[in-house]
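FYI, it's all coordinate maths here, none of it is from the lab. All figures in this text were calculated on a predicted structure; none of them were measured in a lab. Every residue, glycine as well, gets a Cβ built from its backbone with ideal geometry; the counts of neighbours run over all protein chains shown.
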Amino acid sequence: MKTYTYTEKKDTRSGFGAGLAELGRTNPNVVALCADLIGSLKMDKFIEENPERFFQVGIAEANMMGIAAGLTIGGKIPFTGTFANFSTGRVYDQIRQSIAYSGKNVKICASHAGLTLGEDGATHQILEDIGLMKMLPGMTVINTCDYNQTKAATLAIAKHHGPVYLRFGRPKVPNFTPENGTFEIGKAVKLTDGNDVTIVATGHLVWEALEAAKALNASGISAEVINIHTIKPLDDKAILDSVSKTGCVVTAEEHNYLGGLGESVSRVLAQHKPTPQEFVATKDTFGESGTPEQLMAKYGLNSDAIQKAVKTVLKRK
């Protein structure tokens, strides 16, 4: 079994900041907007190098989405930045009406997603955003797993014409994907080969899936791990090819099990190959205050939870 290691932990939001800074040097049409969270979104370097291409909107997220939509009419590629809760739930009407409906080329970049926002608590955490955004016609939805992949995704979405939701996080997590790797929207990445079970993971749960696969392998269970960084469009073929071999699947995400990656996978399976599936996700609940590690453990979003789900789904094959 292929194993993965990392030399350091880095926050995925810094990967966004690094990618945005690089775009500032290479693409004169890229502009950035922020709702009073420059430091949290790691936009400082872009602003330092391109002050004329940055717009501080203040705590007025709905206005930010409207401005971004307008900027696309002049050929600009706007990247908006705020917390995931304020990037989606607070401004859903503006995104739907001003961006998605007319296919505006806006990149909605959302940090501090999921439970790992941590101590700020349930009012700032969001576990519904993937569902909200994937239901919008024409919206591309991306959820990256580490610093390197977030930087690569930031560069890639600038070349993609159309609205994009890019989701990333606050805590430092293992940085294990290749530096300067390519990012192909809609193309899943198979990380390990396996014959007994497929683990389909996204975001921070990808590393937890790899840790689970390593532990399972030690106990004689061969797990195939697939990194679904793009939830929409979903790589149906990668999922179907894997479950055709393994016969069962576990989906893992830092999101509500209603409306997230797991339900997207269920749709594919129901249409093409009904297969036993278990969900590692929050179970229709809000979060609470706590450290990221405490919350991931309490809500069952870690390697232990994935291993438990694998053992459950194997009994259903």
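Dipole magnitude for the chain: about 700 debye, using +1 per Lys or Arg Cβ and -1 per Asp or Glu Cβ, origin at the Cα centre. Scalar couplings 3J(HN,Hα) for the range 120-128, obtained by applying the Karplus form with A = 6.51, B = -1.76, C = 1.60 to θ = phi - 60°, are 5, x, 4, 5, 9, 6, 9, 10, 10 Hz; x denotes Gly and Pro. With a Förster radius of 22 Å applied to the C-beta separation of Ser244 and Lys283, the computed FRET efficiency comes to 0.15. Each residue of the range 133-141 was assigned a 3J(HN,Hα) from its phi angle through the Karplus expression (A = 6.51, B = -1.76, C = 1.60, θ = phi - 60°), giving 7, 6, 7, 7, x, x, 7, 8, 10 Hz with x at Gly and Pro. Suppose only helical runs count, i.e. DSSP H with n ≥ 4. What mean residue ellipticity at 222 nm does that imply for the chain under -39500 (n - 2.57) per run, divided by all residues and rounded to the nearest 500 deg cm²/dmol? My calculation for the chain gives -11000 deg cm²/dmol from helical runs alone. Taking a ≥ b ≥ c as the square roots of the eigenvalues of the Cα gyration tensor of the range 17-110, is the shape rounded (a/c under 1.5), prolate (a/b larger than b/c) or oblate? Judged from the Cα gyration tensor, the range 17-110 comes out oblate (a/c at least 1.5, b/c at or above a/b).
Determine the distance separating the Cα centre of the range 148-163 from the Cα centre of the range 67-133; give it in Å without decimals. Using only Cα atoms to place each centre, the spacing works out to 15 Å. With a/c under 1.5 counting as rounded, go ahead and sort the range 189-314 into rounded, prolate or oblate using the C-alpha gyration tensor (a ≥ b ≥ c being the square roots of the eigenvalues; past the cut-off, prolate if a/b is larger than b/c, else oblate). It is oblate, given that a/c is not under 1.5 and a/b is not larger than b/c.
Taking every DSSP bridge with both residues inside the range 132-252, close to 30 percent are antiparallel. Here the range 189-314 carries DSSP beta bridges of which approximately 20% are antiparallel, counting only pairs with both residues inside. Taking label positions 7 Å along the Cα-Cβ direction at both Lys45 and Lys298, the computed distance is 3.5 nm, reported to one decimal.
When Met64, Met135 are sorted by how many other C-beta atoms sit within 10 angstrom of their C-beta, beginning with the fewest, the order is Met135, Met64.
Here the Karplus relation 6.51 cos²θ - 1.76 cosθ + 1.60, evaluated at θ = phi - 60°, turns the backbone of the range 199-212 into coupling constants of 10, 9, 10, 9, x, 5, 7, 5, 5, 4, 5, 5, 5, 5 Hz, with x for every Gly and Pro.
Lysine pair count for the range 189-314 (Cα-Cα distance under 18 Å; residues 8 or more apart in sequence or on different chains): 13.
All other residues whose Cβ lies under 11 angstrom from that of Cys109 are scored, Lys and Arg at +1 and Asp and Glu at -1, for a net of +4. Taking the DSSP beta bridges with both ends in the range 10-174, the antiparallel portion is around 10 percent. Once backbone amide H atoms are built at 1.01 Å from N, His255 has Thr282 as its partners under 5 Å, excluding neighbours fewer than 5 places away on the same chain.
Taking amide H as placed 1.01 Å from N in the peptide plane, the amide H of Ile199 sits under 5 Å from that of Glu224, Val225, Ile226, Val250, each at least 5 places away or on another chain. Compared with the direct C-alpha span, the chain from Met1 to Asp193 gains 68.4 nm at full extension, assuming 0.36 nm per residue.
The longest part of the chain holding none of the exposed loop GluC sites (Glu not before Pro), meaning those outside H, G, I, E and B in DSSP with at most 16 other Cβ atoms within 10 Å, is 9-178. Please determine, in degrees from 0 to 90 and to the nearest 10, the orientation of helix 12-26 with respect to the longest principal axis defined by the Cα atoms of the chain, where the helix direction is its Cα long axis. Compared with the principal axis, the helix lies near 50 degrees. Taking amide H positions as modeled 1.01 Å from N, with prolines and chain starts lacking one, the residues under 5 Å from Val141 and 5 or more places away or on another chain are Tyr165, Ile231, Lys232.
How far, in degrees from 0 to 90, does helix 61-73 lean away from the longest principal axis of the Cα atoms of the chain, to the nearest 10? Relative to the chain, helix 61-73 is tipped by roughly 80 degrees. Compared with the dominant principal axis of the Cα atoms in the chain, helix 147-159 is inclined by about 50°.
Cross-linked pairs Lys10/Lys104; Lys42/Lys159; Lys159/Lys187: Cα-Cα separations exceed 26 Å for Lys10/Lys104.
Assuming a ≥ b ≥ c are the square roots of the Cα gyration tensor eigenvalues, decide whether the range 10-174 counts as rounded (a/c under 1.5), prolate (otherwise, with a/b larger than b/c) or oblate. The shape class here is rounded.
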